[in-house]
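The values are calculated or read from the model by the stated rules, or taken from the named source; none is laboratory data. Computed from a predicted model, the values in this text were never measured in an experiment. Positions of Cβ are generated from backbone atoms using ideal geometry, with glycine treated the same way; all protein chains shown enter the neighbour counts.
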């Protein structure tokens, strides 16, 4: 529709294609990744503390998860009960949390001084992450994706937003993720981050 968000629309096209095949299928929709901040949207330190630039407005709770630990239990549940989940598309969520709450939690867990900075608009995104400027397609996609999530919701109405917590009550919250990973706001890569996209 009104937002250019191939990150979402291409996945929907793939799902539609699979649903048209003569096979039984189920789908999981992972929330925003906690690890985005470790690889792509890394906070910047300075004399006055850390600018934690986040691609969302400060006060709107959004779904997040740890992609390294949250997907497995959800997929295992679907494989263990294929008939029950046939045709289902279910969200995988660690918790709903606002950008400001993420920063406040980071401060509390790490003891570091940090403040929220907006990277929600195109201008703010490029101010904080100038490395993205060389890829207009990426910038349009990032801005469109988050605008869509804020205006229409990350998940379609009617999705069971509690399902993944029911089948995996130990799914990591942001606070638990920070404690477990011992992340202090530095760049960490899981192999997918492009070095040229890292903050300079």
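Tell me which residues, restricted to the stretch 138-164, are outside any helix (DSSP H, G or I) and in contact (Cβ under 8 Å) with a residue 24 or more places away in the chain. Write out each step before concluding.
The initial filter retains those residues of the stretch 138-164 that are outside any helix (DSSP H, G or I), namely 153-162.
Those that are outside any helix (DSSP H, G or I) and in contact (Cβ under 8 Å) with a residue 24 or more places away in the chain: 154, 155, 159, 160, 161.
If the requirement is being out of contact with any helix residue (DSSP H, G or I) (no Cβ under 7 Å at 6 or more places or on another chain), touching a residue at least 40 places away in the same chain (Cβ under 8 Å) and at negative phi, which of these qualifies: 61, 67?
Numbers: 67 fails: touching a residue at least 40 places away in the same chain (Cβ under 8 Å).
Going through 61, 67 in turn, the sole match is 61.
Quick one: in the stretch 1-22, which of the residues that are at pLDDT below 80 and part of a loop (DSSP other than H, G, I, E, B) is surrounded by the most Cβ atoms within 10 Å (Cβ to Cβ)? Walk me through how you get there before you give the answer.
If we filter the stretch 1-22 for residues that are at pLDDT below 80, which is where we start, we get 1-8.
From the residues that got through so far, the ones that are part of a loop (DSSP other than H, G, I, E, B) too are 1-5.
Values: 1: 7, 2: 9, 3: 17, 4: 15, 5: 22.
Per the criteria, the residue is 5.
Starting from the stretch 106-126, keep only residues that are without any contact (Cβ under 8 Å) to a residue 60 or more places away in the chain, then list their pairs with residues that are loosely packed, with under 15 Cβ neighbours inside 10 Å whose Cβ atoms are within a distance under 8 Å, requiring at least 6 positions of separation or different chains.
Short answer, once both residue conditions are applied: 107/113; 126/133.
So which residues in the stretch 40-76 are part of a loop (DSSP other than H, G, I, E, B) and within 25 Å of residue 150 (Cα to Cα), if there are any at all? Spell out the reasoning first.
Let us first name the residues in the stretch 40-76 that are part of a loop (DSSP other than H, G, I, E, B), namely 40-43, 47-48, 55-61, 66.
Scanning the stretch 40-76 gives 40, 41, 42, 43, 55, 56, 57, 58, 59, 60, 61, 66.
Mind telling me which of the residues 55, 33 ends up being in contact with a strand residue (DSSP E or B) (Cβ under 9 Å, 6 or more places away or on another chain), under 19 Å from residue 115 (Cβ atoms) and at pLDDT 95 or above?
Working: 33 fails: under 19 Å from residue 115 (Cβ atoms).
Just a single option satisfies the conditions, and that option is 55.
Taking residue 145 as meeting all but one of (1) modelled with pLDDT under 95; (2) farther than 30 Å from residue 46 by Cβ, write down the number of the exception.
Evaluating residue 145 over (1) modelled with pLDDT under 95; (2) farther than 30 Å from residue 46 by Cβ leaves (2) as the failure.
Just name the residue that is surrounded by the most Cβ atoms within 10 Å (Cβ to Cβ) out of those in the stretch 37-48 that are touching a residue at least 12 places away in the same chain (Cβ under 8 Å) and out of contact with any helix residue (DSSP H, G or I) (no Cβ under 9 Å at 6 or more places or on another chain). Can you show your working first?
Just the residues of the stretch 37-48 that are touching a residue at least 12 places away in the same chain (Cβ under 8 Å), to begin with: 37-45, 48.
Narrowing further to those that are out of contact with any helix residue (DSSP H, G or I) (no Cβ under 9 Å at 6 or more places or on another chain): 42, 45, 48.
On the way: 42: 23, 45: 16, 48: 8.
Result: 42.
Residues that are farther than 19 Å from residue 159 by Cα and surrounded by fewer than 13 Cβ atoms within 10 Å (Cβ to Cβ): does the stretch 23-36 have at least one?
yes
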